[in-house]
Structures are given as structure tokens and as C-alpha cells.
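Right, one structure below, let's go through it.
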Amino acid sequence: MSYILRMIAEGEHQHQDFKLRVDDPQKIAKTLTAFANTEGGRLLIGVRDGGEVAGCNVEEEFHMLQCAAQMHCKPEVAFESQVWKHGYLSVLEIKVPRSPQRPHYVELPERAEQTGKSKDRWQAFLRKNDKIHKASPVMIKVWQYEMRMDRSEFRYDEYVGRLFKRWREGQQLRFPQVARTARMAFEDAEDLLALLTVWGIVEGTYGKQGYRYGLASEEALSLLESKGAEAFRWKHAG
């Protein structure tokens, strides 16, 4: 079996996506930024969803992808390309590394703007398994914290203690529940969740009702409670 067929045999997953062709640069920009913001990945252009090789016009597809990365992503998403042959058909592989400039944002099409606010035109996305999801404000702050050393201060009080107790009981909480339990304004709750995510204490899972947050590591939470935030200063940008 050829190398390209071995890749296709893996199917679509966290690090791989199939596209028959690129019809809309703004739409494909979501995939590029999702890979760049998460763990990196590759696009195979000229492959149907079921894994059948249909081939593509390499020059045209590369131009569309370049347009998407440069004009509809902020900052621009870097990628590498490779052309593979399957008989007389060509498949374009686009490799997107995890970016040191995350978060990357996508310029949404005009029809997606509902509020009329210019800031809503740019949104961030992430890759989870074989799906693309809109990134939550918490996840955006996680990426921002990973890219720099200056982070919000961690404060422990009785309400944060109650929040930790709910997580230890195995509860998965929606963002408003986190904010109410911790008696925090939404912005402060975002900062808290971002810190705890970077430190490996909390993880967010995406479902039909949006993001829910639960305990990722009992050991890490115990370390925070016994040693304080200083125990996590080694988790630097990366």
C-alpha cells in the first residue's frame, strides 16, 4: 500500500481531515486555525469523506489555501505542502503545525454577523477528534496564557473551596455554574478556569449544551491547595 493510501486508511481524526476541494477560503480557514490552535494536523485535498481518492487541481487548491491562510486568518497560519500521486490523480497534503502564535482567529463571512459589532467578525476555533468547534472565551485565555508568563493571580477563598468540592464530587459544571459557585464575575471566572486548565487541574469538555468543566487531576488540585500557585510557576509558555 502506498504512503498516501496508508494515511487515508486512518480516516478523519484529531490530526487529519479530508477535503474534496476548497470552494470557500473563509470556510477552510476554520480548519487551518483549528489545527494551528490545537495540536496541529494535516489536510488531504482531493479525497472524499469516505476516503475515496478523487484527485484535485493542485495549483488551484494551493492558491485557495494560501488565500485562506493569509487573508482570512489572524495571525496568518503557516503550513507546508506536499503533492502525492495515486495513479494519474493528485492529492495535495497540507501540514499545519501547532502554532507558537495561538490563538489564531478566522474572519467570518458577512452573513454570519448578527450583532453588527466588528469584533464579532473574528472568532477562534479548535479541533476535537474529527470535529471543529468554536473556542470558548476560557480556551482563548488558555492559549494566551500558554504564550506568555504574565497571568492573572490565583486567589483561594471559601467560595473557590466550594467549587473545588463540587469538582471532587465528580460534577461537570457549565460556565455560569462555575461563576455562581465561586461568586465571581464572568471575566474573573474565565481567568480562574484558564489558570486551572493551564495547570492541568481542570479540563473542559464540549457537548450539545456547550462546554462543561470538571476535575482533570486530583493530585494537581491537592498540590495547589497545599503548596499554592508557586508550585505551578514552572509551567511556562510553550
For the range 197-215 the number of residues that are touching a helix residue (DSSP H, G or I) at 6+ places or on another chain (Cβ under 8 Å) and either on the phi < 0 side of the Ramachandran plot or surrounded by 15 or more Cβ atoms within 10 Å (Cβ to Cβ) (or both) is 12
List, please: which pairs have Cβ atoms under 7 Å, are six or more places apart or on different chains, and start with a residue in the range 89-107 that is touching a residue at least 40 places away in the same chain (Cβ under 8 Å) and end with one that is surrounded by fewer than 23 Cβ atoms within 10 Å (Cβ to Cβ) and hydroxyl-bearing (S, T, Y)? L92/S81; E93/S81; I94/S81
State whether the residues of the range 145-158 include one that is assigned to a helix (DSSP H, G or I) and surrounded by fewer than 20 Cβ atoms within 10 Å (Cβ to Cβ). yes
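Are any of the residues in the range 139-156 over 30 Å from E107 (Cβ atoms) and free of Cβ contacts under 8 Å to residues at least 40 places away in the same chain? Give the steps one after another, and end with the answer.
The first filter runs over the range 139-156 and keeps only residues over 30 Å from E107 (Cβ atoms), leaving 153-156.
Still in the running and free of Cβ contacts under 8 Å to residues at least 40 places away in the same chain: 155.
Yes, the range 139-156 contains a residue that is over 30 Å from E107 (Cβ atoms) and free of Cβ contacts under 8 Å to residues at least 40 places away in the same chain.
Matching residues to (1) under 18 Å from V142 (Cα atoms); (2) in contact with a strand residue (DSSP E or B) (Cβ under 6 Å, 6 or more places away or on another chain); (3) modelled with pLDDT under 95; (4) of a type in the set (V, I, T):
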site	(1), (2), (3), (4)
W167	no, yes, no, no
F175	yes, no, no, no
L195	yes, no, yes, no
Y211	yes, yes, yes, no
E225	no, no, yes, no
R233	yes, no, yes, no
A237	yes, no, yes, no
Looking at the range 2-24, is at least one residue under 30 Å from M147 (Cα atoms), in contact with a His (Cβ under 7 Å, 6 or more places away or on another chain) and touching a residue at least 40 places away in the same chain (Cβ under 8 Å)? no
Name the single residue, out of those in the range 167-181 being crowded, with 18+ Cβ neighbours inside 10 Å and not aliphatic (A, V, I, L, M), that is nearest to W199 (Cα to Cα). W167
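The values are calculated or read from the model by the stated rules, or taken from the named source; none is laboratory data. It should be emphasised that the depicted structure is a prediction, and the values quoted were computed from it without experimental measurement. Because the Cβ atoms are built from the backbone with ideal geometry, glycine has one as well, and the counts that use them run over all protein chains shown.
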